[in-house]
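**Q** Right, I'll just put the structure down here and ask away after.
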Amino acid sequence: MRWDNLATRPQDAALFDAATITTRTFDTPEFRGITFHEIHARTILNRIPDAAASRMPFRWTLAPYRGCSHACVYCFARTSHSYLDLDPGADFDSQIIVKTNAAELLRRQLASRTWRGEHIAMSTTVDCYQRAEGRYRLMPGIIAALRDHANPFSLLTKSTLILRDLPLLQQAAAVTDVQIALSVGSTDRELCRTLEPGTPAPHSRLQAVRRLAEHGISCSVVMAPVIPYLGDHPEQLRATVRDIAACGADSVTPVVLNLRPGAREWFMSWLTRHHPHLVPRYEQLYGDKAYAPTHYQEHITLQVTKLAQEHGLNTAPPQNSRSDASSPTDPVLTQDTLF
């Protein structure tokens, strides 16, 4: 593998056991073109640096996978593959790192005398319920460990696969605080099909929200990302908020597209192919910044808030909509615990 050198560098010696790496491909339609690199991680909980943690409601994250077959063209986590000497574009979508011992490691860390039962956030970088999870089934063991230790956690996903683990989520919610959110930036099927080709259709995700709510699991929707000039028309926002409210979501949180290094190049390449007339407008809106201007973000938030109020839906302030700082869940901030 092109990132085998990570195993030999002294500063990376504690990341993973190089002798345990297994590379697999599966000749089935859902996995065709995807390579899985199975590793034995040496840690599974990632601590957010103190400076960043002060801006977030949690200090610990968990990621059983790196890379994501959702293939979202805007995904901010793409730059994490550069650290592995992999391409943040096509490799991010097709070279998936699987931490096969994730559940075992989590149980060990939760049982440690030094662990204080703090909230753990999942899918802050890549989706825990991406396509690979259908085969590797890491999440049932992870949720069971959190349930058994009554450890609070949150989980954000774009996948309906979360419904597979509904009984475990119910059991966990009976003993600790469980926060679930589905990500639906727009209910425009055609827009989502080109932006997020590996994800379930947006209305399928909203049906998952409904199912979770019907079974006593409160679920919010992160309206992310709102895509400037493609998904931000007032009628598009109205339709999306209306559908979110109709599915029984607890709240909606709008987050405008951000374009950090790695994601920016991949997204702009996509934009040039599909909507070349918008390239100058994006260059003007974003300039050399990762985030859209504050006035634009506030404009979108205000519209969504008013629409949510019309439909009796709560709103929550976006955590990552800033124009002047790196996100506390930037892969670069947690790369020391990749494996």
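The values are calculated or read from the model by the stated rules, or taken from the named source; none is laboratory data. Keep in mind the model is a prediction, meaning the values are calculated, not measured. Glycine also receives a Cβ, built like all others from the backbone with ideal geometry; neighbour counts cover every protein chain displayed. Side chains included, ligands, DNA and RNA excluded: accessible areas come from the protein's heavy atoms. Shrake-Rupley method; radii C 1.70, N 1.55, O 1.52, S 1.80 Å.
**Q** Can you give the extra length, in nm with one decimal, that the chain gains between ALA174 and THR22 once fully stretched, where that is 0.36 nm per residue apart less the Cα-Cα distance? Intermediate results must be reported in sequence, preceding the final value.
**A** Values: separation 152, 0.36 × 152 = 54.72 nm, distance 3.75 nm.
The ALA174-THR22 span can extend by a further 51.0 nm.
**Q** Taking every eigenvalue of the Cα gyration tensor of the chain, multiplying by 5 and rooting it, what semi-axes result, largest first, whole Å?
**A** Details: eigenvalues 179, 122, 73 Å².
Whole-Å semi-axes of the equivalent ellipsoid: 30, 25, 19.
**Q** Next question. Place a +1 charge on the Cβ of each Lys and Arg in the chain and a -1 charge on the Cβ of each Asp and Glu, then give the dipole magnitude about the Cα centre in debye, rounded to the nearest 20. If you can, show how the numbers build up before the last one.
**A** Details: 35 positive and 34 negative charges, 92 e Å.
It works out to roughly 440 debye.
**Q** Still on this structure: What is the set of long-range amide H partners of ASN314 at a cut-off below 5 Å, with H atoms built 1.01 Å from backbone N?
**A** Under 5 Å from the amide H of ASN314: VAL252.
**Q** Now for a different question. Run the numbers for LEU302 and LEU163: contour at 0.36 nm per residue of separation, minus the present Cα-Cα distance, in nm. Could the numbers behind the result be given before it?
**A** Numbers: separation 139, 0.36 × 139 = 50.04 nm, distance 3.20 nm.
Difference between extended and current length: 46.8 nm.
**Q** For a quick check: with amide H placed at 1.01 Å from N, whose amide H comes under 5 Å from VAL256's, ignoring anything fewer than 5 positions away on the same chain?
**A** Here the answer is VAL226, since their amide H atoms fall under 5 Å of that of VAL256.
**Q** Something else: As a test of reading the structure, rank LYS306, LYS99 by solvent-accessible area (1.4 Å probe, protein chains only), most first.
**A** Numbers: LYS306 110, LYS99 0 Å².
Putting LYS306, LYS99 in descending order of accessible area: LYS306, LYS99.
**Q** Counting only protein heavy atoms, what percent of the accessible surface of the chain is carbon or sulfur at a 1.4 Å probe?
**A** Numbers: 7190 of 14250 Å².
Within the chain, the accessible surface is 50 percent carbon and sulfur.
**Q** Ranked by accessible surface with a 1.4 Å probe, highest first, in what order do TRP270, TRP115 come? Could you put the intermediate results ahead of the total?
**A** Working: TRP270 5, TRP115 40 Å².
Largest accessible area first, the residues go TRP115, TRP270.
**Q** Go ahead and collect, in residue order, the members of the range 244-270 whose backbone nitrogen is under 20 Å from a label point 7 Å along the Cα-Cβ direction of GLU283.
**A** 258-270
**Q** If eta is 0.692 mPa s and T is 37 °C, what Stokes-Einstein diffusion coefficient results for the range 164-272, Kirkwood Rh from Cα pairs, in µm²/s?
**A** Result for D is 220 µm²/s.
**Q** Test of understanding: what is the full-extension gain from LEU191 to ARG210, defined as 0.36 nm times their sequence separation minus their Cα-Cα distance?
**A** Details: separation 19, 0.36 × 19 = 6.84 nm, distance 2.26 nm.
Answer, rounded to one decimal: 4.6 nm.
**Q** So, for the chain, what is the accessible surface per residue at a probe of 1.4 Å, expressed in square angstrom?
**A** Values: 14250 Å² over 339 residues.
Ligands and nucleic acids excluded, the figure is 42 Å² per residue.
**Q** Report, in deg cm²/dmol and to the nearest 500, the calculated mean residue ellipticity at 222 nm for the chain, where each DSSP H run with n ≥ 4 adds -39500 (n - 2.57) and the sum is divided by the residue count. Walk me through the intermediate numbers first.
**A** Details: 14 runs with 119 residues, N = 339.
Mean residue ellipticity, 222 nm, calculated: -9500 deg cm²/dmol.
**Q** How much of MET268 can a 1.4 Å solvent probe reach, expressed as accessible area in Å² and rounded to 10?
**A** Using a 1.4 Å probe on the heavy atoms, I get roughly 40 Å².
**Q** For ASP188, what residues show an amide H to amide H distance below 5 Å, using hydrogens built from the backbone and excluding near sequence neighbours?
**A** Result for ASP188 returns nothing.
**Q** Using the Kyte-Doolittle scale, which helices in the chain average at least -1.0 and also have C-alpha atoms spread 20 Å or more along the helix axis, with helices defined as whole DSSP H runs? Numbers along the way, then the final one.
**A** Working: long enough: 294-310 (24 Å, -0.77).
Passing helices, by number: 294-310.
**Q** With the Cα gyration tensor of the range 94-206 giving a ≥ b ≥ c as the square roots of its eigenvalues, does the rule (a/c under 1.5 for rounded; else a/b larger than b/c for prolate; else oblate) give rounded, prolate or oblate?
**A** Values: a/c = 2.37, a/b = 1.75, b/c = 1.35.
Prolate, since a/c reaches 1.5 and a/b exceeds b/c.
**Q** If you take every DSSP beta bridge whose two residues both sit in the chain, what share of them, in percent to the nearest 5, is antiparallel?
**A** On the way: 11 of 37 bridges.
Rounded to the nearest five, the antiparallel share is 30 percent.
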